[in-house]
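No value in this document is a laboratory result; all are computed from the given coordinates. Predicted model, so just to flag it, every value in this text is computed and none were measured. Neighbour counts run over all protein chains shown; Cβ positions are idealised from the backbone, glycine included.
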Amino acid sequence: MENEKAFFDKLEQKGVSRRDFMKYCTFLTATMGLSSSFVPKVAEVFAAPKERPPVIWLHFGECTGCSEALLRSQYPYVDDLLLELLSMEYHETIMAAAGDQAEEQLHNAVKKYGGKFICIVEGAVATKFDGAYGKVGGKTFLQIAKDICPKAAAVIAMGTCAAYGGIQAAAPNPGGYVGVGEAIGIKTLNITGCPPNPLNFVGTIVNYLLLGKLPALDSLGRPLFAFGKTIHDQCQRRSHFENNEFVLEFGSKEAEMGYCLYKVGCKGPDTYNNCPTAKFNDGTSWPVQAGHPCIGCSEPAFWDKMTPFYEPS
Amino acid sequence: MRAVENAVNVTIPKNARIIRNLLHGAQFQHDHLVHFYHLHALDWVDIVSALKADPVKTAALSDNLSNASVGGAVYFKAVQQRLQTFVDSGQLGPFSNAYWGHPEYKLPPEANLMASAHYIEALKLQARTARLHAIFGGKNPHPQSLVVGGITSVNDLSPERIAEFLYLWKETQEFIKNVYIPDLLAVASFYKDWGAIGGTTNFMAWGEFPLTEKEPDSLFMPRGVIMKRDMAGVAMSQQEKVTEHVTHAWYEEGKARHPFEGETKPKHGDYQPGGKYSWFKAPRYDGVSCEVGPLARVLVAYAKGHAGIKALVDGTLKKLDIPVTALFSTLGRTAARGLETVAIGDAMEGWLNELIENVKNGDTKTYQSWTMPDKGMGYGLNDVPRGSLGHWIQIENKKIKNYQYVVPSTWNFGPRCEKGFRGPVEEALIGTPIADPKRPIEVLRTVHSFDPCVACGVHIIDPASNEVYKIRVT
């Protein structure tokens, strides 16, 4: 395929060999829970997308950490995501337009791609006082969500805030924050975490491009390929748990030995995510590897249910 | 973390201090790079004009100006082709509907192409730079190895992890010196008039990077305050002098309070220009507003005679042939951000060597145990990429009784105080020339130069028509 050759030539220029790329596709395919026969098809999605699916990314009550996480994507690097894979029609942080022109862009995109765009929501929606606690361009988050989300082909909640409310929703939740699905009564695909792993976002998008549909979900709306198992079940320190070898204090000999962090508060047994296998930042590490207990950040209401973070559940 | 450590009276071990400094230094490298290229550059660089550039001339310009490891006519032609393909697709994505072609864009097409190419290079690099956090912090964003008493990533004090850090640090710092700074100077040389626009009056820094246990004495970026642009009168800043006002903020009425006595009682309302109009409280130092951030830090360091900062600032002023007073501006703010990145990035090498020496000598202590007191009070004063960040905690019955923080964007973007005086960004915007009120790119330049951590509301009045335009800055 000519496109494919051009694509691999371009990759080579960037210092990424064909072998590296196929390795990544194999990893991604495995992450998505597909058989190895899908590897060439996954590669094709990156090499020759037929058309770039339009994306409208809405920011509500959040810290932009989920957007930042997406920027950390490697294979494909974010420039490929933005210039070649997706068409990011609206994203407040990275878009060049501002003010009225930004608003206009949002409305043009919704009009042009009605029923076809993927709506990605980052952040929770304030519901008390008609949503008065959060506004963009004079409209409440709640109004914006009601207006835009139902016109999308699919709504993806990127991060725990958009999915379940996150830190804004922590007790006593003065703004009445909830996830976007609950706020407007729709079902969302939830890629949770604080922030989520960009690999799980890319996996979801590739699934969509490849199979023309969103991946299978668990009862909390999360893709099973990433959220089908607990942290505990995939943890490299699991054998220490079985052997009754625990860290009882940070900085101890046991901590240096890499023992299990359950007794200093690890919420791995109650948390579903693929952190131990996917890891973060191109496989560099993940919190338990860095000696810190899992805080359960991909679960609903984790600020209330998983705290105190440093005491066993 | 520092506020709690102060309240429970624990001193963290040397390795923990160094690793925190390294993680934080990496945060500066990363944040400032992304701010310059991805959140600010397009206020000065017309990416559409890059399509008209001559790649051969662009290559010559690039060779002349920068030491970028990528370049040459073939490279710039490929970048231009990529942009052209993108434009031809009809899906402009994040570049849709911006102020392209605005007469206030002053760069020639070749400079626009060079900067656009580096926008893409920086987009890739920052993903690798972020790995610096993952090495000792588990992940980025939101690294997760910091605990009260030290850090948890003791297993990462290994030669291969340190080497991985060193390699990624070096790659980033080379880009900062060989690409970011030359690009900053090249762009600045076309916008020297911005050395007289967008300035403020008072500057405050808590300072950052403790090089020993002693704060503020050992801070690499010093603590200090400069009032009324009087550099000679630089003084030590003190947390006792901070108050927050709520007269013009959506909180229940109350007097100006020090953060230890701070209250957060939200009271939503509509936008009232003369009344309450912001979710930000209005922080004041000794009763007046202060700009915080790179410019404040660099001015304080310069005024205190910081050798590294002084050399960088003087060299830059000379290269651009502008006076020291030009620092008090939008241009000065954007330049200060780049210059402190160089200084902090260079210092990181020394910190890493110190860490290696420690580990070599068998010191792997990363945590100091502590006990939670029944009662306590503490504060932590930091300077993060966007500016001064203070946390104040009160502990009672081993629990948090009150916790308040005053963050950089609150200092810079806060509303008027109880006396009606403006905050730094409001002040900086006064007198900004606006060529076209419907496309106020000039406002974006100044607002973005503060690196806002908020989608903020800005209103502009056209004096000719007295028409109010609402402009949302993203």
Give me B:Glu349, B:Glu121, B:Glu244 ranked fewest to most by other Cβ atoms within 10 Å of their Cβ, as a rough exposure proxy.
B:Glu349, B:Glu121, B:Glu244
If the cut-off is a Cα-Cα distance under 18 Å, which aspartates and glutamates reach B:Lys318, setting aside same-chain residues fewer than 8 apart in sequence?
B:Asp183, B:Asp193, B:Glu340
Largest first and in whole Å, give the semi-axes of chain A's equivalent ellipsoid, each being the square root of 5 times a Cα gyration tensor eigenvalue.
32, 28, 15
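How large, in Å, is chain B by the Kirkwood hydrodynamic radius built from its alpha-carbon pairs?
Working: mean 1/r = 0.0423 Å⁻¹.
About 23.6 Å for chain B.
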Per residue of the stretch B:10-15, in order, report the coupling 6.51 cos²θ - 1.76 cosθ + 1.60 (Karplus, θ = phi - 60°) as ³J(HN,Hα) in whole Hz, putting x for Gly and Pro.
10, 9, 7, x, 4, 4
Per residue of the stretch B:421-437, in order, report the coupling 6.51 cos²θ - 1.76 cosθ + 1.60 (Karplus, θ = phi - 60°) as ³J(HN,Hα) in whole Hz, putting x for Gly and Pro.
7, 6, x, x, 5, 4, 5, 5, 7, 4, x, 5, x, 10, 5, 9, x
For chain A, the helices passing both cut-offs (Cα extent along own axis of 18 Å or more, Kyte-Doolittle mean at least 1.0, full DSSP H runs) are A:198-211
Hey, got the average number of other protein chain Cβ atoms within 10 angstrom for residues in A:192-199?
1
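Note the per residue figure in Å³ for the convex hull of the C-alpha positions in the protein assembly as shown. Could the numbers behind the result be given before it?
Working: hull volume 120.2 nm³, N = 787.
Convex hull of Cα atoms, per residue: 153 Å³.
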Per-residue Cβ contact counts at 10 Å, fewest first, order A:Arg238, A:Arg72 as A:Arg238, A:Arg72
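Counting only other residues whose beta carbon sits under 13 Å from that of A:Ala278, what net charge do I get with K and R as +1, D and E as -1?
On the way: positive: A:Arg72, A:Lys229, A:Lys279, B:Lys139; negative: A:Asp282.
Its environment carries a net charge of +3.
Would you mind checking B:Lys214/B:Lys310; B:Lys139/B:Lys281; B:Lys214/B:Lys360 for any pair whose Cα atoms are more than 28 angstrom apart? Working shown, then result.
On the way: B:Lys214/B:Lys310 23 Å; B:Lys139/B:Lys281 32 Å; B:Lys214/B:Lys360 24 Å.
Check vs 28 Å cut-off fails for B:Lys139/B:Lys281.
List the trypsin sites (Lys or Arg not before Pro) within the stretch A:105-159 that DSSP assigns to loop and that have no more than 13 neighbouring Cβ atoms inside 10 Å. Walk me through the numbers on the way to the answer.
On the way: sites: A:Lys111, A:Lys112, A:Lys116, A:Lys128, A:Lys135, A:Lys139, A:Lys146, A:Lys151; in loops: A:Lys116.
Listed in order of number, the matching sites are A:Lys116.
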Cross-link pairs beyond the 32 Å C-alpha cut-off, checked among A:Lys229/B:Lys267; B:Lys52/B:Lys319; A:Lys279/B:Lys14
A:Lys229/B:Lys267
Would you mind giving the mean number of other chain beta-carbons within 10 Å of the Cβ of each residue in A:133-142, as a whole number?
3
Computed E for B:Glu396/B:Gln272 - FRET, C-beta separation, R0 41 angstrom, nearest 0.05
0.65
For the stretch B:1-105, with the dipole built from +1 on Lys and Arg beta-carbon atoms and -1 on Asp and Glu ones, taken about the Cα centre, which of B:His35, B:Gln84, B:Ala3 lies farthest toward the positive end?
B:Ala3
Report the Stokes-Einstein translational diffusion coefficient (µm² s⁻¹, integer) for the stretch B:166-257, Rh taken as the Kirkwood radius over Cα pairs, at 20 °C with viscosity 1.002 mPa s.
122
Return the long-range amide H neighbours of A:Ala157 (sequence gap of 5 or more, or a different chain), with a cut-off of under 5 Å between placed amide H atoms.
A:Val121, A:Leu189, A:Asn190, A:Ile191
Given points 7 Å out from each Cα along the Cα-Cβ axis, report the A:Glu249 to B:Ala78 separation in nanometres with one decimal.
5.6
Using θ = phi - 60° and the Karplus relation 6.51 cos²θ - 1.76 cosθ + 1.60, list the HN-Hα couplings for the stretch A:272-280 in order, rounded to whole Hz, with x at every Gly or Pro.
9, 5, 9, 3, x, 9, 7, 6, 10
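In percent, what relative contact order does chain B have, based on Cα pairs under 8 Å that are 6 or more apart in sequence?
On the way: 852 pairs, mean separation 103.2, N = 474.
This gives 22 percent for chain B.
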Distribution output for the stretch A:94-178: share of Cα-Cα pairs per 10 Å bin in percent, first bin at 0, values 17, 44, 33, 5, 0
Largest-first principal axis extents, alpha carbons of the stretch B:36-117, Å:
32, 26, 20
Cα centroid distance between the stretch B:1-48 and the stretch A:190-251, in Å?
28
Residues listed by number, the stretch B:308-329, amide nitrogen under 11 Å from B:Lys192 label point at 7 Å toward C-beta
B:318-323
Counting only DSSP beta bridges with both partners in chain B, the antiparallel fraction in percent, to the nearest 5, comes to 95
The summed charge of the A:Gly123 Cβ neighbourhood (under 11 Å; Lys/Arg +1, Asp/Glu -1) stands at -3
Each label sits 7 Å from Cα toward the beta-carbon; between B:Glu349 and B:Ala307 the label points are separated, in nm, by 1.5
Reduced to Cα centres, the span from the stretch A:63-91 to the stretch B:267-332 in Å works out to 31
Below 17 Å, Cα to Cα, which aspartates and glutamates can A:Lys5 reach? Residues fewer than 8 away in the same chain don't count.
A:Asp20, A:Glu44, A:Asp80, A:Glu84
